[in-house]
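Each remark here refers to the structure printed beneath this line.
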Amino acid sequence: MNDFLKNFSLEGKVAWITGASYGIGFAIATAYARCGAKIVFNDINQELVDKGLASYREAGIDATGYVCDVTDEAAVQALVKRIEAEVGVVDILVNNAGIIRRIPMCDMPADEFKKVIDVDLIAPFIVSKAVIPSMIKKGHGKIINICSMMSELGRETVSAYAAAKGGLKMLTRNICSEYGEYNIQCNGIGPGYIATPQTAPLRERQPDGSRHPFDQFIVAKTPAARWGDTEDLMGPAVFLASDASNFVNGHILYVDGGILAYIGKQP
Ligand code: NAP
Ligand code: GCO
């Protein structure tokens with residue numbers, strides 16, 4: 001590999017991707033493994049961790065998986081100590097774990113709203129806070145927050161999710177502001193509409209076999225005229241985790257096929 005390309009290598013780095021048994025997190029972890037990183041992931045229960053371990057093994061990746069609810073600060077603090085003892089100090093953190101509840105705002109109980117905020121905004125705060133001290137000691141660190149189109153746009157039924165992802169954009173900028181001097185880069189990735197279990201309800205075939213109206217809407221709203229795949233996120237995620245992005249900080253990299261730039265195709 002020539003010297004310049006070495007800037008994209010993750011050789012020997014410890015990368016922790018939260019909620020990465022499948023979906024976007026799994027794809028990002030796979031990309032990092034292919035670039036030489038040691039992969040750590042967690043999920044909310046042993047069944048999912050085991051499922052993830054099997055998937056990583058099938059992909060030829062020797063990942064380490066832990067059960068941990070990222071909203072539980074004590075559990076996260078304890079897990080960081082365990083990761084440091086068993087794998088190594090976390091060089092790259094991807095705050096990927098997330099949930100969504102699609103409920104009209106005026107029908108949404110406050111505790112449902114809080115659940116989404118807990119996982120999608122407070123957990124990235126908890127996990128980042130847990131890994132930053134060791135990153136400072138080590139002299140470098142990369143934190144990548146998985147934001148969303150809803151970091152910039154609203155839509156019906158996703159008030160909690162949009163509030164969380166909008167907040168996550170500003171948390172990203174604040175971590176950059178507060179810890180940039182320690183050679184910690186904190187950036188976000190804002191995926192467009194990606195085909196994963198989380199968006200499956202928006203792509204379901206209708207009883208008459210036609211495409212879901214939202215599926216048709218998104219394809220018309222995306223210049224690339226398609227849903228994204230998790231593979232579309234792999235390159236951008238490697239860039240933000242590597243030395244190639246050491247002077248990129250507080251930035252949200254939208255990987256959306258052009259949605260945010262486009263008014264949408266005339267029906
Ligand atoms: P997904 O398929 O729902 O996967 C989310 C993962 O996070 C699951 O493994 C989930 O486990 C885990 N998780 C949820 N709550 C957790 C908790 N408290 N502690 C630990 N793990 C937890 O979602 P995805 O589509 O891959 O999305 C991953 C991230 O990308 C999310 O932050 C999402 O908001 C964001 N995103 C997705 C899209 C998209 O179009 N798919 C676009 C933009 C942003 P369980 O299965 O047990 O819930
Ligand atoms: C929705 C979708 C979106 C995507 C993603 C878009 O209901 O509108 O779930 O929120 O998950 O966040 O970037």
Exercise. Exposure proxy check: TRP227, TRP16 ranked by fewest other beta carbons within 10 Å?
Worked result: TRP227, TRP16
Problem set entry | Cross-link reach list, lysines versus LYS114, counting only Cα pairs under 21 Å and skipping chain neighbours closer than eight places | LYS129, LYS165, LYS169
For this session: Answer rounded, prolate or oblate for region 120-229, using the Cα gyration tensor with square roots of eigenvalues a ≥ b ≥ c: rounded when a/c is under 1.5, else prolate when a/b is larger than b/c, else oblate.
Result: prolate
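At 222 nm, what helix-only mean residue ellipticity would the chain give, in deg cm²/dmol to the nearest 500, using -39500 (n - 2.57) for each DSSP H run of four or more?
Theoretical 222 nm ellipticity from helices: -12000 deg cm²/dmol.
Under unit Cβ charges (Lys, Arg +1; Asp, Glu -1), what dipole magnitude, rounded to 20 debye, does region 178-260 have relative to its Cα centre?
For region 178-260, the charge dipole is close to 380 debye.
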Exercise. Counting alpha carbon pairs within less than 8 Å and at least 6 residues apart, what relative contact order, in whole percent, applies to region 88-219?
Worked result: 27
Exercise. Residue-wise, which Karplus ³J(HN,Hα) couplings in Hz belong to region 48-56, taking 6.51 cos²θ - 1.76 cosθ + 1.60, θ = phi - 60°, and x for glycine or proline?
Worked result: 5, 5, 4, 4, x, 4, 5, 5, 5
Exercise. To the nearest Å, what is the center-to-center distance of region 199-249 and region 118-140, using C-alpha atoms only?
Worked result: 27
Seminar exercise, completed: Measuring from the longest principal axis of the C-alpha atoms of the chain, the long axis of helix 123-138 (C-alpha) lies at a number of degrees, nearest 10, equal to 30
Seminar exercise, completed: Listing THR18, THR199 by rising number of other beta-carbon atoms within 10 angstrom, fewest first, gives THR199, THR18
For this session: Mind ranking 51-64, 103-116, 134-147, 26-39 by how tightly packed they are, going by the mean number of other C-beta atoms within 10 angstrom, highest first?
Result: 26-39, 134-147, 51-64, 103-116
Exercise. To the nearest 20 debye, what charge dipole does region 33-104 have about its Cα centre, counting +1 at the Cβ of each Lys and Arg and -1 at the Cβ of each Asp and Glu?
Worked result: 240
For this session: Filter the cross-link list LYS38/LYS142; LYS6/LYS51; LYS6/LYS142; LYS81/LYS137 down to pairs whose alpha-carbon distance in this structure exceeds 24 Å.
Result: LYS6/LYS51
Exercise. By the scheme Lys and Arg +1, Asp and Glu -1, what is the net charge of all other residues having a beta-carbon under 10 Å from that of MET149?
Worked result: +1
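Let me know the shape class of region 1-128, please: from the alpha-carbon gyration tensor, a ≥ b ≥ c as square roots of the eigenvalues, rounded when a/c is under 1.5, otherwise prolate if a/b is greater than b/c, or oblate.
It comes out prolate by the Cα gyration axes.
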For this session: Take every Cα pair under 8 Å in the chain that's 6+ residues apart, average their separations, divide by the length, and report that relative contact order as a whole percent.
Result: 19
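Every number in this text was worked out from the coordinates using simple rules, so none of it is lab data. Source: prediction; values computed, not measured. Here Cβ is always computed from backbone atoms with ideal geometry, including for glycine, and neighbour counts include all displayed protein chains.
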